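All remarks here apply to the structure that follows.
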Amino acid sequence: MAFETINVDVQDHVCLIKLNRPEALNALNTELLSELATALEDADASDKVRCIIVTGSEKAFAAGADIKEMSEKSFVDVYSEDLFAKVSNRIIGIRKPIIAAVSGYALGGGCELAMMCDFIIASDTAKFGQPEINLGVMPGMGGSQRLTRFIGKSKAMDMNLTGRFMEAEEAERAGLVSRVVPAKKLMDEATGAAQKIAEKSQLSVMATKEAVNRSYEVPLAEGLLYERRLFHSLFATEDQKEGMGAFLEKREAQFRDK
Ligand code: HXC
């Protein structure tokens, strides 16, 4: 499918989705978000894809929701259409892993989009922020909720209330990003991580994603039970026999997603 605001490329089981509105620093307008959700759903449904990377340009992962598009909307407009609700639900409904490879600005909806991915690999030029407060609004796609769970109340309040940007190094220290690498190495690092994931059994990969995400939804005892049941269920797969058998036979496992 041809898209206007993103580029999609599948290689070696990794689907690379590149946000592509350079004239607006990849600001997330309706078209881009809709195309992104469609591309993610296509990748989720494709046998050729085992891991997904979402990235932007060197200067901007995404500088936020499109302010031009939002500026004239009224409360009735955004409440009636439930702005950003459907598209966020489509993105968080993806079952295959999604890595955000972030260089430059990840602001507002851009930071929120990165947080909707499963983990963030950042270049040393990355800048995260929730500057919506400067626009007389506040985050609307997770900036007050996911960010608080990821980096704690004090830093989340600071970022949400002052609108300050957080550099990559602080973001890694705070737990927002999993790795920081020099800008030149960002895509190699993200692709390497995606290829590592692509080698695993998709059954354990999807169950693991589900279990980790569950930890944000339920109390610890429920989460542990959920994890244990998923763990037990993987013993019904051929891949469990293959994985453990290969270890014992001192060879590489050949997973078949069965
Ligand atoms: C629309 C945007 C944009 C945005 C940048 N542009 N961010 N257009 N929406 N969010 C456009 C600019 O208008 C400009 O277009 C071009 O991109 C280049 O931007 P500059 O400002 O000239 O670049 P620079 O001086 O390098 O500054 C970069 C920047 C700044 C610091 C990232 O652009 C900025 O502060 N952007 C807004 C960040 C923000 O407030 N994000 C939160 C949005 S609200 P022209 O045509 O003039 O060249 C939000 C709500 C989320 O995300 C709620 C739920 C999703």
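In table form, for the structure just shown:
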{"quantity": "Qualifying residue in the range 40-62 (condition: over 25 Å from MET187 (Cα atoms) and either modelled with pLDDT of 95 or more or in contact with a strand residue (DSSP E or B) (Cβ under 6 Å, 6 or more places away or on another chain) (or both))", "calculated": "no"}
{"quantity": "Any hit, the range 38-54, residues being touching a residue at least 40 places away in the same chain (Cβ under 8 Å) and either within 13 Å of the ligand (Cβ to nearest atom) or at positive phi (or both)", "calculated": "no"}
{"quantity": "Test: residue in the range 66-77 that is within 27 Å of VAL180 (Cα to Cα), within 16 Å of the ligand (Cβ to nearest atom), at pLDDT 95 or above and not acidic (Asp, Glu)", "calculated": "no"}
{"quantity": "Some residue of the range 189-198 being closer than 21 Å to ALA100 by Cβ, among the acidic types (Asp, Glu), exposed (fewer than 13 other Cβ atoms within 10 Å of the Cβ) and under 19 Å from the mean Cα position of the chain (by Cα)", "calculated": "no"}
{"quantity": "Residue list for the range 191-203, restricted to those being among the basic types (Lys, Arg) and touching a residue at least 24 places away in the same chain (Cβ under 8 Å)", "calculated": "LYS200"}
{"quantity": "Residue in the range 91-107 that is more than 8 Å from the ligand (Cβ to nearest atom), out of contact with any Asp or Glu (no Cβ under 6 Å at 6 or more places or on another chain) and of a type in the set (S, T, N, Q) present", "calculated": "no"}
{"quantity": "Options ILE52, ILE6: the member that is out of contact with any Asp or Glu (no Cβ under 6 Å at 6 or more places or on another chain) and not polar (S, T, N, Q)", "calculated": "ILE52"}
{"quantity": "Subset of the range 5-34 that is away from the ligand (no atom under 16 Å from the Cβ) and charged (D, E, K, R) - its residue that is surrounded by the most Cβ atoms within 10 Å (Cβ to Cβ)", "calculated": "LYS18"}
{"quantity": "Test: VAL137 is β-branched (Val, Ile, Thr) and more than 16 Å from the chain's Cα centre (by Cα)", "calculated": "yes"}
{"quantity": "Single condition SER57 does not satisfy, out of (1) in a loop (DSSP other than H, G, I, E, B); (2) touching a helix residue (DSSP H, G or I) at 6+ places or on another chain (Cβ under 7 Å); (3) more than 16 Å from the ligand (Cβ to nearest atom)", "calculated": "(3)"}
{"quantity": "Residue within the range 13-32 that is under 30 Å from ARG256 (Cβ atoms) and outside any strand (DSSP E or B) present", "calculated": "yes"}
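The values are calculated or read from the model by the stated rules, or taken from the named source; none is laboratory data. Not measured: the values here are computed from a predicted model. Quick reminder, even Gly has a Cβ in these numbers, built from the backbone with ideal geometry, and neighbours come from all protein chains shown.
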